[in-house]
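Trainee: Would you mind keeping the following structure in view while I ask a few things?
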């Protein structure tokens, strides 16, 4: 049997990325070297490689627009926004970390499914509001938190934002991924309806909801154990 | 018409301001490095569109060298916690008004700007409407915050500096990875990977093919950091020829669940830096993989669920 020829050399960039991340070299440096190596492997000259990288960087600038929220978020944090978010939640007797994150998960997934993906986000919502609220609930439950517990709560707040977004947004028909699927299949002579694609995203969305919310239900218990173990150790 | 270019100017001005504040901050031992890093970044926003590609490339390389070889530092924040507590009590729930202005106006703007025209010309570039709406919403929120709190005029840029330095070089990583993805696409990395999969995996039963497609989407997304880059490659290499043509699967169901299998990969990779690495910097977590570690169990179980769902649904006719 004759196997197809595969130009494996163009995978050099992937190798650089994997090795660089494993060795914990500065990721910016790793990505730059991977990009330049990929350019060289695909037969570009030195100046062309730098040019291709520069062009790719410039056309990707839209990714960094989100940092424009920092002046106002910083201003509000300086005036005590996080402390206020924490205080509001600690007045609610019923608030637990699990409940705060469950409520945010549901709101985030439903609004994403309605196309309102910009209602969340790590810089705009998680850092100034959601993480402090979850921490406030935990302080209500357990008093002063060990650093590891506080960090676990924060990481969970960020994860909820991601998971609810990813498995909510595909139910909305005008989202980027649905448009990409449709465009790609059209090029290959297969016509699909965006509404059909959105409908078939629902089973996975429900699974994501069930799986992650079940895990969240165990989070309170885990935090309680962690706090009490820490108290015994101290 | 307001285009992305105007928003880039705004970002460039902010980065330049951050560079200047850093340059004047004697509490940061590496203030020159920070000033150079954010200053060059500001230049790529302000005039990057008009510079030759190679010049931009060298600017990016200079930034990377400053951050990785010289290293970035951080100024000292002198605000005591008690002062913020007191301020929080003083302002109360009014503090939420500017914070919630951002998401609400972004959503409202996304809808409104699509319909808003002056003399038949759209007010904003409709292709970039969400990003532009976000930028405008932050400006309004900033104005509301300034009117409410009445701080010094330089306060917003100093606060932006504090947060941006807390995030550090990770703030630029998502953009770098997007650039790398473009170079991977240029070099045809995707075709190589699907070629390898076809060569080494015995793809002769529907379950094996569905599993290879879904796992391939996840793994490929982990490598590229983006399911959008993985989808065309895996679907052209495995999905369409095998699931649809050979085994008669439904392309709509395959594509919908295939893309979501890719999203499982997004949850597990540092390459998706804006979702997984940036929040660890924003939340000041010492372990840069902390968010990924929380997400991996959900991602793996969900990937398994996707394989089963696709296997049962895609061939059901």
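Trainee: Which whole-angstrom value gives the distance between the alpha carbon centres of the range B:174-199 and the range B:157-172?
Mentor: Cα centres, the range B:174-199 to the range B:157-172: 30 Å.
Trainee: Same structure, new question: Taking beta carbons within 10 Å but only from partner chains, what does the mean come to for residues A:31-41? Intermediate results must be reported in sequence, preceding the final value.
Mentor: Details: counts 12, 10, 1, 5, 11, 3, 2, 8, 4, 1, 2.
Mean shielding count: 5.
Trainee: For the protein assembly as shown, what is Rg from Cα atoms divided by 2.2 N^0.38 Å, rounded to two decimals?
Mentor: On the way: Rg = 23.6 Å, N = 551, 2.2 N^0.38 = 24.2 Å.
In units of the 2.2 N^0.38 Å rule of thumb, it is 0.98.
Trainee: Calculated from DSSP H runs of 4 or more alone, at -39500 (n - 2.57) each and per residue, what is the 222 nm mean residue ellipticity of chain B, nearest 500? Numbers along the way, then the final one.
Mentor: On the way: 15 runs with 217 residues, N = 317.
-22000 deg cm²/dmol, from helical runs alone.
Trainee: Also, I was wondering about something else. Give me the inter-chain shielding for B:125-133: mean count of other chain Cβ atoms within 10 Å, whole number please.
Mentor: Details: counts 0, 0, 0, 2, 0, 6, 6, 2, 1.
The shielding value for this peptide is 2.
Trainee: Sorting B:169, B:38 on the 10 Å Cβ count, fewest up front, what's the list? Let's see the in-between values first.
Mentor: Details: B:169 20, B:38 28.
Ascending number of Cβ neighbours within 10 Å: B:169, B:38.
Trainee: Averaged across the residues of B:41-47, what count of C-beta atoms belonging to other chains lies within 10 Å of each residue's C-beta? Let's see the in-between values first.
Mentor: Details: counts 3, 0, 0, 5, 4, 0, 0.
Whole-number average of other-chain Cβ neighbours for B:41-47 is 2.
Trainee: I would also like to ask the following. State the percent of C-alpha pairs, over all pairs in the range B:48-166, separated by a distance greater than 18 angstrom.
Mentor: Numbers: 4975 of 7021 pairs.
Value for the range B:48-166: 71 percent of Cα pairs lie more than 18 Å apart.
Trainee: Here is a further query. Specify the inter-centroid distance of the range B:203-259 and the range A:58-75, based on alpha-carbon positions, in whole Å.
Mentor: Centre-to-centre distance over Cα atoms comes out at 34 Å.
Trainee: Now a separate question. To test your reading of the geometry: what angle, between 0 and 90 degrees and rounded to tens, separates the Cα axis of helix A:81-90 from the longest principal axis of chain A?
Mentor: 50
Trainee: May I pose another question? Which of the peptides B:108-114, A:25-31, A:127-133 is most tightly packed, and how do the rest follow, judged by the mean count of other Cβ atoms within 10 Å per residue? Please list the in-between numbers first.
Mentor: Working: B:108-114: 16.6, A:25-31: 21.1, A:127-133: 25.7.
Result, highest mean Cβ count within 10 Å first: A:127-133, A:25-31, B:108-114.
Trainee: What is the Å³ per residue value for the convex hull set by the Cα atoms of chain B?
Mentor: Numbers: hull volume 61.4 nm³, N = 317.
So the per-residue hull volume is 194 Å³.
Trainee: How would you order B:6-12, A:212-218 from highest to lowest mean count of nearby Cβ atoms within 10 Å?
Mentor: Details: B:6-12: 18.9, A:212-218: 16.6.
Ranked from most to least packed, the peptides come out as B:6-12, A:212-218.
Trainee: Now for a different question. With 5 Å bins from zero, work out the P(r) of the range A:8-59 over every alpha carbon pair and list the percent per bin.
Mentor: Binned Cα distances yield the sequence 4, 23, 27, 23, 17, 5.
Trainee: Okay, next question. How would you rank B:293-302, A:191-200, highest first, on the average number of other Cβ atoms within 10 Å across their residues? It would help to have the intermediate numbers written out before the result.
Mentor: Working: B:293-302: 20.4, A:191-200: 16.7.
Result, highest mean Cβ count within 10 Å first: B:293-302, A:191-200.
Trainee: Given the alpha-carbon gyration tensor of the range B:174-313, what are the semi-axes of its equivalent ellipsoid in whole angstrom, ordered largest first, with each equal to the square root of 5 times an eigenvalue?
Mentor: Working: eigenvalues 154, 62, 23 Å².
Over the Cα atoms of the range B:174-313, the semi-axes work out to 28, 18, 11 Å.
Trainee: When each pair of different Cα atoms in chain A is counted once in the 1/r mean, what is the Kirkwood radius in angstroms, to one decimal? Don't skip to the end; give the middle numbers.
Mentor: On the way: mean 1/r = 0.0466 Å⁻¹.
About 21.5 Å for chain A.
Trainee: Suppose only helical runs count, i.e. DSSP H with n ≥ 4. What mean residue ellipticity at 222 nm does that imply for chain A under -39500 (n - 2.57) per run, divided by all residues and rounded to the nearest 500 deg cm²/dmol?
Mentor: On the way: 11 runs with 161 residues, N = 234.
Helix contribution divided over all residues of chain A: -22500 deg cm²/dmol.
Readers should treat all values here as calculations from the given coordinates under stated rules, not as data from a laboratory. Remember, it's a predicted structure, so these values are computed and weren't measured experimentally. Positions of Cβ are backbone-derived with ideal geometry, glycine not excepted, and every protein chain shown enters the neighbour counts.
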